[in-house]
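Single-structure report; data block below.
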């Protein structure tokens, strides 16, 4: 698990080294696609309920430590040679639609009219903070809460929770971006990580209902960097109720047979996902550049 064997944070959190090692070894042997699936399955099915709950707590602490250690503000912005798809997304969202009749000077209120929602299976807050800094720097808005009001017109859903609400959305009980992984901060972050399927996790079920409603009514759905694990697809309740006839997605690192399997999954539910049956191995950055999914639907260019 995360951290060196003598890391004082674990001692302060009263987690024994042998328990951490047990979780790490079990996760490696489980061959689960993600730590989320491993933790929830172990917590729900371990005959020793106390051990299952301990595994869940240790896993959440490890997740919090890793993400907090990687929340580095400087990494949010463009560096030469790096491929930041967040910046392409921001530029598209900040562009003036042709029907407006002018080329420049988009107002903050117009940015807030972008009709887009984001559903993430990750815990980090990098997208929200990237857009926050882009808006603040572009429009010269020093009032963080005013930027938060603009972003609040969009919707950000974290299926399994996040370290904490970004400070520009909430005035109290916040965890700043880049906060030190102290025992106190880790405890706060762990409380915000809510795995879907976790026993008694009522808030996660409410969140999932809201996500499904958004997806059902969406004109267009795009999967970016998604692994298409069956458990995650089932959580989203993909099916005939979805309004969208336009679904696209990335398949980076997947073999053609795996993409075909995903395509068949959607087809069996009366949907079609663009890209599943073509030999397209684009990463998210390339995909976002090819396909401006914020405009009326047009599939990505396929050479």
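The values are calculated or read from the model by the stated rules, or taken from the named source; none is laboratory data. Small disclaimer: the values here were computed from a predicted structure and weren't measured. Note: ideal-geometry Cβ built from the backbone for every residue, glycine included; neighbour counts use all protein chains shown.
From the list 106, 113, the one residue that fits, being at pLDDT below 90, buried (at least 17 other Cβ atoms within 10 Å of the Cβ) and out of contact with any strand residue (DSSP E or B) (no Cβ under 9 Å at 6 or more places or on another chain), is 106.
Do we find a residue being in contact (Cβ under 8 Å) with a residue 40 or more places away in the chain, more than 23 Å from residue 186 (Cα to Cα), surrounded by fewer than 16 Cβ atoms within 10 Å (Cβ to Cβ) and within 23 Å of the chain's Cα centre (by Cα) anywhere in the stretch 58-74? No, the stretch 58-74 contains no residue that is in contact (Cβ under 8 Å) with a residue 40 or more places away in the chain, more than 23 Å from residue 186 (Cα to Cα), surrounded by fewer than 16 Cβ atoms within 10 Å (Cβ to Cβ) and within 23 Å of the chain's Cα centre (by Cα). Being at pLDDT 85 or above and outside any loop (DSSP other than H, G, I, E, B): is that true of residue 247 here? In short, no.
Take the residues in the stretch 264-303 that are touching a strand residue (DSSP E or B) at 6+ places or on another chain (Cβ under 6 Å) and outside any loop (DSSP other than H, G, I, E, B), then tell me which one is modelled with the highest pLDDT. Filtering the stretch 264-303 for residues that are touching a strand residue (DSSP E or B) at 6+ places or on another chain (Cβ under 6 Å) and outside any loop (DSSP other than H, G, I, E, B), the one modelled with the highest pLDDT comes out as 266. Of all residue pairs spaced 6 or more apart or on separate chains, those with beta-carbon atoms under 9 Å, a first member in the stretch 270-289 that is at positive phi and exposed (fewer than 15 other Cβ atoms within 10 Å of the Cβ) and a second member that is in a loop (DSSP other than H, G, I, E, B) and at pLDDT below 80 are 270/239; 270/240; 270/242. In the stretch 28-57, which residues are under 17 Å from the mean Cα position of the chain (by Cα), in a helix (DSSP H, G or I) and either without any contact (Cβ under 8 Å) to a residue 60 or more places away in the chain or farther than 22 Å from residue 189 by Cβ (or both)? Matches in the stretch 28-57: 35 only.
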